Structures are given as structure tokens and as C-alpha cells.
Amino acid sequence: MTTTAPAPNASAPPTPAVPVTSLLRFATAGSVDDGKSTLVGRLLHDTKSILADAYEAVERVTRERGGEGVDLALLTDGLRAEREQGITIDVAYRYFSTPQRTFILADCPGHVQYTRNTVTGASTADALVVLVDVRTGVVEQTRRHLAVAALLRVPHVIVAVNKIDLLAWDRAPYDAIAADVADHATRLGIEVSVVPVSALLGDNVAVRSTHTPWYSGPTVLDLLETLPSADQLDAHEVETSEGVSGWRFPVQYVLRPQDAALTPEYTEYRGYAGQVAQGVISVGDPVVVQPSGLRTTVAGIDTADGPLTRASSGQSVAIRLADNVDVARGDLLSSASDAARAVKNIDAHVAWLAERPLRVRDRVWVQHGTSLVQGMVTAIRGVLDISLPGGTLDASIVEGEQLDLNDIGVVSLLLASPLAIEDFSTHRRTGAFVLVDTQDGATLAAGTARAATPGTGTDGYLSI
Amino acid sequence: MTATHERTDVTASLNTTSPVTPAPPAGAKRELDALDALEAEGIHILREAVATARKPVILFSGGKDSVAVLHLATKAFWPGRVPIELLHVDTGHNFDEVIAFRDATVERLGLRLRVARVQDYIDDNRLRERPDGTRNALQTVPLLDAIAEGGYDVVFGGARRDEEKARAKERVVSLRDEFGQWDPRNQRPELWNLYNTRHLPGQHVRVFPLSNWTELDVWRYIEREALALPPLYYAHEREVFERDGMLLTPHPAIKRRNTETLATRVVRYRTVGDASCTGAVESPAATTAEVIAEVASTRITERGATRADDRVSEAAMEDRKKEGYF
């Protein structure tokens, strides 16, 4: 904080009362009755994030319902239907912070019929906390959530093996579950930490348990405070890997104020506004505009706070280009080295989130970055069978003719005009898209473009 | 003139005491802090919704959250004027200082403000005064009429998910039907930073760029960006009386009971809504820094402390939102 306080009687020096820290977004998921809401309540409680009146309200309602103490689940179930049914229907966002970090928590539903809301919560998450009941171990819904994490490439998964107090903090069942989880994780290609917890009593949630001397790893909060965010990972990858320094910048809006310029010298200003999707952009970088393929260089990076020499992933800026090339909303600017490529055919993993099924020859809008084009389903290559134990995402894909609500499948799409859709496994932003209903505008699916897997016979991947 | 110079102009126009804002160091920071990340997200949301809108509007009351939204808009569309009209639903019970601040801000930024007045609806019997004299719940019809008359299809609001638990459930882009209703059980999935603003004729979307901000974030942003606010937000002496644990200011719409005695106290407002149901809190915090310290250590939620209308029931906000409320 570099500014002085603007308040009337600005006598006090601007003491940053609360330091601004880095931001981590995480989601929680689990199946019914595994104590997810209790874990969330425990995290909020132990980080002193529940304000007095909210706590008292929960205490009062718990009492009114004949319960004892404080039902922490009532803190997050914000809809009338949720409280009446005692379940979570939609994602609840909670905000809390510790001296180390600021957190955005997306508390997701456990029921399979609300998986679409879990996908919503997980899509922006830097980490996903999956609850497992130590008495039941990994169940179908756990596998579904791990598959969603793999599909969306959530950078870290924390599996909290809960209710260890009910088995007298015994190590053996935890070890068996941890091994099972590790096996799934390896095959799904996701990074997982497993922590034994009792959300009810607080063991290893924010405070290290005295009952688990056999566990020397971090608590759930330790992990959340230290894991890098997706943007941090992205910046790190760019720094450490040679030659993979490509940046991506979807053009959101052309800033061309003309008569609306704040001062006359900006009358002729022309900048391309957007949020850096990947990498670090520097003034002077050679640029390729997709899908046109035009080439130019970055003449300047502007913000309302002044010009920058570099802008990194996550920053909202405006880019000026050296040449007067044709650039519009929906175009993707990318570094000339390691440039994106526009394609008309894609294969993608699709999480189908609509009531009506997806079938071959269906027409949809494909919303990708800041562009929107028509697409047609040319093939449904398979559907993920969540009941198959283990296996990679692709190995668990079985034949299917359509995708139903909450199915994850592999779909081939033909686009009406080329889009710079890239492999999601290496391009988190430019590999992601949503499918939108052409009639009522509903959001139908989350899609992630996939790399061709050798030997699976898929041939349509990312081709012109 | 450089872009850095321009920033001073933009912020000074929103600022009464015009502190000198040092230019930030050039060059990208390696890591965005939480406030940088929230600002970048808010700007992204504003640009995305405006780019896909037929006619966007910002709900602007002069309250701190709407001031933050408007400031984000000035940054999102720099170096041009904010290409969005403003709309305010005036209950007729708003604080004079807030209305004056609202009008001064609109004038300084050269924007167009449409005001929908609850009083007009009461005068011609389209709405009836409630027995308790409060008018917050009466805003919905004038709001929806103004949205329809203005032809607005994208409506920005300053609501934050940390305010209230029904709000905690709402998407950044929230579809409203012809009656302005929110259907909490059938919300669209919202993936990554891909915001879907599409809607049928007659429908509109509400868009909340501050969804992920907390009260503390807003205050830190106000400090960092040196934003001016209505003076009510800072400690001042005021005649107040106590009701249900809230400090209310004398107002023609509120009938003061015999037992409710006036006393002069040092107070400030955490929210500046309808004067008939918005309470002050006792506070010595006279500067933004002091307010931040106070908010950081407070143990009561913003709405719990100051909004009578949210104390009605567990689902008060959900019910109002379903009917088309903000």
C-alpha cells in the first residue's frame, strides 16, 4: 500500500493494519455424510473466521432444531431448500484469511445430481479438498471427484481421510486408504496429499493432532497455506523451462475512445484489453494474431495506473501493437515463439452438465477465451465409466452414444470457424471452453481439449 | 502526457483531498497480491460483460461497494470514459450526504444517471407504504421497471458473496427472468473465467464484479486507490437512538417510541442504504486506515450489525432476491 489515506481528517499515518497476502482458491468436495460441511466449519472456526453474530445465529438454529452445540454445516448452507433438506445443493463461497494467505473457499455439493455445481466450484480452484470417510474408504463419488480434478487439472488434490476418531485414531485403515488414493492418483496423473483428520475434533485440520504420532505430514491448513496457486505455477513454469515461454492474451475489448477520450491525447488511442491467460508479456515481443495469423510486435502494455514493461498471467491490461493490423474481440494474441495455432477440429473431454443429453450432430456454441463460434458434435468417442476401479481417464472410457447429465466423455467437435484451442494439459486457459445452448443460452458443458493418446485411434485431435 | 500522469487525473476526480499518488514501479510484479488479483478479476468481469451487452448499466448508489465497482470500470475502460450508464433506485429515505456524493461523482466522470424513485410509485398508488415505514423491500418494482424502460440487459451490482449466505450462493453472472427473479436451484454452471451472459429477450443478467471481495478487501482497495466516500462512512457526532441493538438516526419515516431517547454519540455507518433501516455503529474510526483496523478486528458481520431487513429471517435475502431484488 503506497498511497496515503484519503479520508476526511487524514491525520493517522497509513499503517497497513492487515498485510495483503497472496490468494489461494480452493474447493471442497465429498460424498454425502462424510463430514465435509463440518470440515469447512472447522477450518473457519480454527482460523477465527466466524463472526460472533453468525456463530450465535447457527447456535440458535441448532438449538431450535433440537440439536446440541453448533451445527457448523448451517454456516454454509445458504439456501432455504438446503437447510430444510440438510444437504448442499449449490456451491457456497466463503472467504477467510490467515497471516500467511487469503483464501476463497468454494464449498461444493456431494450429491451426484449436483455434480455440475461441483464442476463449477472446482474449475477455478488451485486446490481441491476431497473428503473420505475412514470407515468406508474410497467410494464411487470419491472416484468421480478425483476424475473431475484430473479433467479440470486442479493443481493439487488434498484427500482428507475423516472421522479417524471413530476408529480410535488407528493407523492401519488410514494407510490402506492412502495407498488406494495414491494408486488412483498415479493413474489419473494428479498430485495428491493424504491427511488423516477428525473434522469434528479438529485433528490435523488447522492444528496438529496429538493422537496421530504415526503421521508426520502437514495439516490441511499447512498445505493450503503453502501450495502454489495456478498462476504462481504458471509463472514458475515459464521461468524455469527453456523455450516454453509462450504467452497468451485473448482480446476482450478494443479500447478506442475517440470522442470519449479522457484527455485529447488519447483520441487516437488504440489498445487491446484483456487478461493475460498464460506466461509473461514484454514490450517488444513479436506477436502472432490468431486466427488470422498476422504478425506484429508489442509496442506497449498499458494500465490505468501507468505503463508496464511486462505483464504476467492473471493481470488485466491493455496491449498496444506496433502495426495497425486487424484485431478484434475474440482474437488471441500469442508470442511468436511457441505460438498458438488455430484449428477447426478438436477432440475434448467434456463434462456434460445439462438435463438433456448430448448426441452426435448436435449444434452448440463453443465459448473459448473471448470468442464464440458454432460447433457441431461429429463423434462421441466414449463415456467415462466411474465404476471401473482405477485406470487412467482414457482407459476407463467405454463406448457410448450420448452423454447424459454429469457424464464425462470424449467428444469430437467441428468448428464453424477456426479457434486457437490448445492442449489443456499444457495450456490451462486456452485449452478450456464451455458449450452453450444455441437457443436459450444455457451453459451445457465444460470442455478441455485433449492431447491425442497414442494407440487409442483418435485422429481428430486439433487439426485444421 | 504519459499514462502514469493520467492515473492521477482519474483518481483525483474521485477524491476529495487529492493525495499525491506515487507512480507504481514499472514492470510486472512476479506475484500478484490478493488485492491485485481481485482487481484484475473485477476488470475482466466488467470488460467481458460490457463486450457482450446490448446496453449495460451500473447500479450506483454512492455506497462504498458501488464506488469500488465504478472505480474498476474507470480502470477497465481507460483511457476512455466509462461506456456504461448508471442507475439508482432512490427510496426517498436516502441520506442527503450520499445523494450529494452520488451526483457529484456522476458529474465528475461525465456519466449519465437514471434515477428510479420509490416515492413516485407511492404517490400514484402503484406501491403502498409498509406499516414499519421501511422502503428497502419496495425497491424491486421500480428497479425492474427502470431496467425494462432503459432497455438494459446487463446490470452491474456491487453485491459481495461475503455479505450474506444467499449471496454466497450466487454466480458472478446471474440470469434473471422477465420478472427479475433469481432461480437459486437452477443456476447455470460457471466455469473458469468464461462468463456466459447470454439470455433470451425480456431476460437480463445481473453481474457482480466484487463477488469474491470481502468488506475488508473493499476498504483496503479504497485506501490503496485513495477513493473518496460519503462522509457517513467515517466517525462523526450524530444524534441517534437505540432500537434492537442498532443505532438509528431520527428520520420522518421512523416513529420513535417514548422509551427511545436521543443521545449524541460518535458513530459511523458500515453501509449507507435506506436511512429508515440502516443503523450506525459506535466507532472512533475517522480515517480509512482506522476503518481497516476496525473492520479487521470486528466480530459482527456487516449486515448483522446494520441492516434491519436482513434480521427478519434466515432466508430474508433469498426471498428478496427471488423477487428480483439486487
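Any idea which of A:252, A:226, A:194 is furthest toward the positive side of the dipole for the range A:167-304, if Lys and Arg beta-carbons carry +1 and Asp and Glu beta-carbons -1?
A:252
Provide the per-residue ³J(HN,Hα) series for the range B:50-56, in order, calculated from phi with Karplus coefficients 6.51, -1.76, 1.60 and θ = phi - 60°, each as a whole number of Hz, with x at glycine and proline positions.
5, 5, 9, 8, 7, 8, x
With θ set to phi - 60° and the Karplus curve 6.51 cos²θ - 1.76 cosθ + 1.60, what are the ³J(HN,Hα) couplings of the range A:272-280 in order, to the nearest whole Hz, using x for Gly and Pro?
10, 8, x, 10, 4, 8, 6, x, 10
Hey, which of these cross-link pairs are over 28 Å Cα-Cα: A:48/B:165; A:48/B:255; A:36/B:165; A:344/B:75; A:344/B:169; A:36/B:64?
From the list (A:48/B:165; A:48/B:255; A:36/B:165; A:344/B:75; A:344/B:169; A:36/B:64), the Cα-Cα distance tops 28 Å for A:48/B:255; A:344/B:75; A:344/B:169; A:36/B:64.
Relative to the present Cα-Cα distance, how much length would full extension add between residue A:324 and residue A:186 at 0.36 nm per residue of separation? Write out the running numbers ahead of the final one.
Values: separation 138, 0.36 × 138 = 49.68 nm, distance 4.91 nm.
That pair, residue A:324 and residue A:186, stretches by 44.8 nm at full extension.
Scan around residue A:71 for amide H atoms under 5 Å from its own, H built in the peptide plane at 1.01 Å from N, and keep only partners 5 or more places away or cross-chain.
Long-range HN contacts for residue A:71: A:62.
Let's see if you can work this out: charge +1 on each Lys and Arg Cβ, -1 on each Asp and Glu Cβ, no other charges. What is the dipole magnitude of the range A:343-449 about its Cα centre, in debye to the nearest 20?
360 debye
Check which residues have an amide H placed less than 5 Å from residue A:420's amide H, if you skip close sequence neighbours.
Here the answer is A:343, since their amide H atoms fall under 5 Å of that of residue A:420.
Using a 7 Å offset from the Cα along the Cα-to-Cβ direction at both residue A:263 and residue B:149, what is the distance between the two label points in nm, to one decimal?
It is 3.9 nm.
Along Cα→Cβ, 7 Å out, is where each label goes; now give me the distance between the ones at residue A:52 and residue A:337 in nm to one decimal.
Using points 7 Å along Cα→Cβ, the separation is 5.9 nm.
Name the long-range amide H neighbours of residue B:62: under 5 Å, sequence gap of 5 or more, or other chain; modelled H, no Pro or chain starts.
Excluding prolines and chain starts, which carry no amide H, the hits are B:67.
From the phi of every residue in the range A:304-312, what ³J(HN,Hα) in whole Hz does the Karplus formula 6.51 cos²θ - 1.76 cosθ + 1.60 yield, where θ is phi - 60° and glycine or proline is x?
Each residue of the range A:304-312 in turn: 5, 8, x, x, 10, 8, 9, 9, 10 Hz.
Excluding residues on the same chain fewer than 8 positions from residue B:55, give the aspartates and glutamates whose Cα lies under 16 Å from its Cα.
Those aspartates and glutamates meeting the cut-off are B:85, B:145, B:149, B:153.
How high is the FRET efficiency from residue A:401 to residue A:423, r the C-beta distance, R0 25 Å, rounded to 0.05?
Efficiency computed from Cβ-Cβ geometry: 0.40.
Can you compute the charge dipole magnitude of the range A:22-227 about its Cα centre, using +1 on each Lys and Arg Cβ and -1 on each Asp and Glu Cβ, nothing else charged? Give it in debye, rounded to the nearest 20.
On the way: 20 positive and 26 negative charges, 81 e Å.
Magnitude of the dipole: close to 400 debye.
What's the FRET efficiency of residue A:33 with residue B:124 using the Cβ-Cβ distance as r and R₀ = 45 Å, to the nearest 0.05?
Details: r = 55 Å, r/R0 = 1.22.
After rounding, the FRET efficiency stands at 0.25.
Treat each spin label as a single point 7 Å out from the Cα along the C-beta direction, and report the residue A:112 to residue A:363 distance in nm.
Using points 7 Å along Cα→Cβ, the separation is 3.4 nm.
Say R0 is 22 Å: what FRET efficiency, to the nearest 0.05, do residue A:136 and residue A:171 get from their beta-carbon distance?
0.80
The numbers here are math on the coordinates, done by the rules we state, and not lab data. No experiment lies behind these values; they were computed from the predicted model shown. Every residue, glycine as well, gets a Cβ built from its backbone with ideal geometry; the counts of neighbours run over all protein chains shown.
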